[in-house]
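Asks: First the structure, which I've put down as structure tokens, then a few questions once you've had a look.
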Amino acid sequence: MDERLKKLDELRRMKINPYPYKYERTHTFTELKEDFEKLSQSEKTVASCGRILAIRGHGKTVFATLTDETSKMQVYFRQDRLGDRFAVFGLFDIGDFIGIKGNLFKTKTNEITILVSDFALLAKTLRPLPEKWHGLKDVEIRYRKRYLDLIANPEVREIFKKRTRLVGLIRKFFDDHGFVEMETPILQPIYGGGEANPFKTYYSALERDMYLRIADELYLKRLIVGGYEKVYEICRDFRNEGIDRFHNPEFSMIEVYQAYTDYEGIMDLVEHLVEFLLDNLSDSRTMVFCDREVEFKRPFKRIRYTDALNEKLGFDILSAKESELDKTCKAHGIDYKILSTGAKIDKLFSELIQKYIIEPTFVIDHPKVISPLAKVHRKDERLVERFEFIMFGIELANAFSELNDPVEQRKRFEAQLAQKAEGISKIDEDFLEALEYGMPPCGGLGIGIDRLSMILLDQPSIRDVILFPQLRQER
RNA sequence: GGGUCGUUAGCUCAGCUGGUAGAGCAUCGGAUUUUUAAUCCGGUGGCCACAGGUUCAAAUCCUGUACGACCCA
């Protein structure tokens with residue numbers, strides 16, 4: 001870094017501003033390559049700019065490789081063309097941003113190159129870049145200093161662009177189906193709509209505790225009460241819990257609510273969404289994730305939650321005694337002591353069934369105890385009308401026929417409180433009051449966007465699809 | 001929370017059963033007018049994550065801590 005600071009001084013002595021204000025670019029590197037035939041015939045010079053990736057000096061000439069966001073480009077400096085200015089290039093380093101003007105030609109190895117007739121420093125770098133050949137591998141640096149990861153590993157830049165395209169497609173799908181995108185509060189006085197511990201904060205102006213939302217559900221339902229019939233929100237939610245390959249405390253979801261439909265209608269919607277995403281993101285309806293291949297074919301497989309679990313356990317989970325549940329949990333190495341009845345059942349399900357679901361599958365008709373916001377199943381009052389969309393053992397979506405009976409909803413909240421379940425600390429009276437004004441029959445859906453990105457982009461860790469994952473403080 | 005593995009130059013990595021710290025790239029100086037992981041010659045660069053312990057001697061063995069990865073809960 002000392003060497004580079006010296007060069008910086010030297011440049012200033014030469015009256016060269018190392019941090020000028022702008023550069024007029026005529027073409028990106030990709031545009032230059034695409035229009036090579038036409039541009040290389042022309043006498044007119046082109047102007048491009050980018051970061052220096054490599055310098056290959058040959059005495060009175062220099063080849064350098066530059067990169068802009070779109071592509072790489074080789075540029076060629078010759079002393080006989082640049083005269084005294086040629087020496088200025090000696091003060092440039094790998095990593096610096098420069099602008100060049102010149103004409104396109106092909107070298108004898110057939111590489112499109114700019115013969116430089118004029119150049120300018122656009123920004124001097126002080127620190128050396130990670131090595132060009134091996135890239136940056138240290139995952140800790142890749143996550144802590146993502147900008148270095150993005151410089152050194154262009155494929156990572158591609159992943160995040162694809163993620164953005166994916167979110168754009170999701171938005172387009174729902175817009176095209178007549179849904180309206182809404183924005184609801186991130187800071188909530190009462191949290192709810194999911195099972196999780198919240199992040200807590202303090203709202204000075206209102207002199208009260210607030211929570212970062214764990215879900216948007218209860219606000220979007222208020223919008224259905226208000227008369228909208230198809231709404232969605234692409235939201236950042238926050239859950240104050242563990243971090244692992246599939247969990248980041250701060251994560252992205254889309255929640256969708258549609259009036260006058262039920263979970264069957266939502267299943268249909270999800271199938272079409274997934275199909276739409278695949279058709280726009282990849283060439284086939286086959287998907288590879290962590291070396292396992294899966295084919296998408298409508299209709300997706302459906303598995304009844306309790307049937308699957310009962311078959312595996314050999315007894316009926318819903319009529320089982322608490323002691324029997326405890327025994328079963330213990331047998332499967334689950335620490336049941338701190339868990340509510342519902343949590344025990346759900347834990348068993350994840351361990352014994354969900355883990356092994358690879359094909360795109362709707363797990364349907366969950367027990368009522370683990371689904372406080374879902375409507376009772378029309379054929380079995382111990383169950384609710386709910387589905388989870390699961391593949392590769394990962395839960396991607398969760399949906400219900402939404403409970404709209406305010407009296408029943410109050411009972412469920414009270415039961416949740418009595419169970420000391422996560423995700424509720426007190427009853428959201430305002431929400432219940434909204435339901436008392438009447439919510440039409442409604443299907444609701446939540447999709448984890450990070451996990452969906454993981455699967456569609458074949459990334460093994462959620463941190464590979466989140467630009468700035470939180471890590472512990474460095475010491 | 002538990003287990004396993006990792007942490008050595010700016011980056012990627014070697015470093016054996018303990019004996020003076022190594023390579024490639026980057027960087028600096030020199031040569032080089034079509035190179036492209038350019039090449040050739042010469043140099044700089046290290047609190048071996050941190051703190052203890054064992055030993056005549058520790059990057060190496062032991063203990064603890066921090067951070068990270070993976071697995072389990």
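Readers should treat all values here as calculations from the given coordinates under stated rules, not as data from a laboratory. Keep in mind the model is a prediction, meaning the values are calculated, not measured. Glycine gets a Cβ as well: all are built from the backbone with ideal geometry, and neighbour counts include every protein chain shown.
Asks: Take the Cβ-Cβ distance between A:E155 and A:D279 as r, set R0 to 35 Å, and report the resulting FRET efficiency rounded to the nearest 0.05.
Replies: 0.90
Asks: Please sort A:311-319, A:414-422, A:344-352 by packing, taking for each peptide the average over its residues of neighbouring beta carbons within 10 angstrom, highest first.
Replies: Sorting A:311-319, A:414-422, A:344-352 by mean packing, highest first, produces A:344-352, A:414-422, A:311-319.
Asks: Tell me, how many Å apart are the Cα centres for the stretch A:131-182 and for the stretch A:1-44?
Replies: What the calculation gives is 27 Å, centre to centre.
Asks: Relative to the present Cα-Cα distance, how much length would full extension add between A:E24 and A:N110 at 0.36 nm per residue of separation?
Replies: Fully extending the segment from A:E24 to A:N110 adds 28.2 nm.
Asks: Would you mind ranking A:D268, A:D176 by Cβ crowding within 10 Å, fewest neighbours first? Spell out each step's value before the answer.
Replies: Values: A:D268 14, A:D176 9.
Neighbour counts put them in this order, fewest first: A:D176, A:D268.
Asks: Can you return the lysines within cross-link range of A:K145? Criterion is Cα-Cα under 16 Å, with same-chain partners fewer than 8 residues away left out.
Replies: A:K137
Asks: Classify the stretch A:213-305 as rounded, prolate or oblate from the Cα gyration tensor: take a ≥ b ≥ c as the square roots of its eigenvalues, call it rounded if a/c is under 1.5, otherwise prolate when a/b beats b/c and oblate if not. Before the final figure, lay out each step's value.
Replies: On the way: a/c = 2.08, a/b = 1.23, b/c = 1.69.
Note, shape of the stretch A:213-305 comes out oblate.
Asks: Same structure again: Cut-off under 17 Å on the C-alpha distance; same-chain residues fewer than 8 positions from A:K172 excluded. Which lysines are left, in chain and number order?
Replies: A:K161, A:K162, A:K230
Asks: State whether the stretch A:128-228 is rounded, prolate or oblate according to the following rule on the C-alpha gyration tensor (a ≥ b ≥ c being the square roots of its eigenvalues): a/c under 1.5 gives rounded; otherwise a/b larger than b/c gives prolate, and the remaining case gives oblate.
Replies: oblate
Asks: Here's something else I'd like to know. Roughly how large, in nm² to one decimal, is the mean projection of the convex hull of the alpha-carbon atoms in the stretch A:278-364?
Replies: The Cα convex hull of the stretch A:278-364, projected and averaged over all directions, gives 7.3 nm².
Asks: Computed on alpha carbon atoms, what radius of gyration and Dmax characterise the stretch A:290-340, expressed in Å?
Replies: Gyration radius and largest Cα-Cα distance of the stretch A:290-340: 15.7, 41 Å.
Asks: Of A:T286, A:F387, A:N398, which is farthest along the charge dipole of chain A in the positive direction, counting Lys and Arg as +1 and Asp and Glu as -1 at C-beta?
Replies: It is A:T286.
Asks: Rounded to the nearest 0.05, what FRET efficiency do A:R13 and A:T201 have when you use their Cβ-Cβ distance and R0 = 51 Å?
Replies: Given R0 = 51 Å and the Cβ-Cβ separation, E is 0.50.
Asks: Just order A:65-72, A:136-143 by mean Cβ neighbour count inside 10 Å, highest at the front, would you?
Replies: Those peptides, ordered most packed to least, come out A:65-72, A:136-143.
Asks: Could you tell me the relative contact order of the stretch A:385-440? Use alpha-carbon pairs under 8 Å, at least six residues apart, and round to a whole percent.
Replies: Rounded, it is 29 percent for the stretch A:385-440.
Asks: Given +1 on the Cβ of Lys and Arg, -1 on the Cβ of Asp and Glu, and no further charges, what dipole in debye does chain A carry about its Cα centre, rounded to the nearest 20?
Replies: 2340 debye
Asks: With the contact rule set at Cα under 8 Å and sequence spacing of 6 or more, what percent relative contact order holds for chain A?
Replies: Averaging sequence separation for qualifying contacts and normalising by length gives 13 percent for chain A.
Asks: Note down the nm distance, to one decimal, between modelled labels 7 Å out along Cα→Cβ at A:R78 and at A:R171.
Replies: Once both label points are built, they end up 4.8 nm from each other.
Asks: With axes computed from alpha carbons, what is the tilt in degrees of helix A:2-13 against the longest principal axis of chain A, rounded to the nearest 10 within 0 to 90?
Replies: 60 degrees
Asks: So, one more: Would you compute, for the Cα atoms of the stretch A:1-154, the largest minus smallest coordinate along each principal axis and list the three values in descending order, in whole Å?
Replies: The Cα atoms of the stretch A:1-154 stretch 48, 37, 30 Å along their principal axes.
Asks: Shape verdict for chain A, please, from the Cα gyration tensor: rounded (a/c under 1.5), prolate (a/b greater than b/c) or oblate.
Replies: Since a/c reaches 1.5 and a/b is larger than b/c, the shape of chain A is classed as prolate.
Asks: If you line up the Cα atoms of the stretch A:326-475 on their principal axes, what length do they span on each, largest first, in Å?
Replies: Rounded to whole Å, the extents work out to 49, 41, 38 Å.
Asks: Further, regarding this structure: Going by alpha carbons, how many degrees (0 to 90, nearest 10) lie between the helix axis of A:322-331 and the longest principal axis of chain A?
Replies: 40 degrees
Asks: So, in Å, what gap is there between the alpha-carbon centers of the stretch A:188-242 and the stretch A:309-339?
Replies: 32 Å
Asks: Could you list, in their original order, any pairs among A:K101/A:K132; A:K221/A:K411; A:K38/A:K106 whose Cα atoms are separated by more than 23 Å?
Replies: In this structure, A:K101/A:K132 lie more than 23 Å apart at Cα.
Asks: Another question, then. Taking the alpha-carbon set of the stretch A:86-159, what are its Rg and Dmax in Å?
Replies: Computed over the Cα atoms of the stretch A:86-159, radius of gyration and Dmax are 15.6, 42 Å.
Asks: Now for a different question. For a label point 7 Å from the Cα of A:E140 along Cα→C-beta, name the residues of the stretch A:454-475 whose backbone N is under 17 Å from it.
Replies: Counting backbone N atoms under 17 Å from the label point, the list is A:469-475.
Asks: Most exposed first by the Cβ proxy, i.e. fewest other Cβ within 10 Å, how do A:L8, A:L325 rank?
Replies: Listed from fewest to most nearby Cβ atoms, that is A:L8, A:L325.
Asks: If packing is taken as the average number of other Cβ atoms within 10 Å across a peptide's residues, how do A:450-463, A:212-225 rank, most packed first?
Replies: A:212-225, A:450-463
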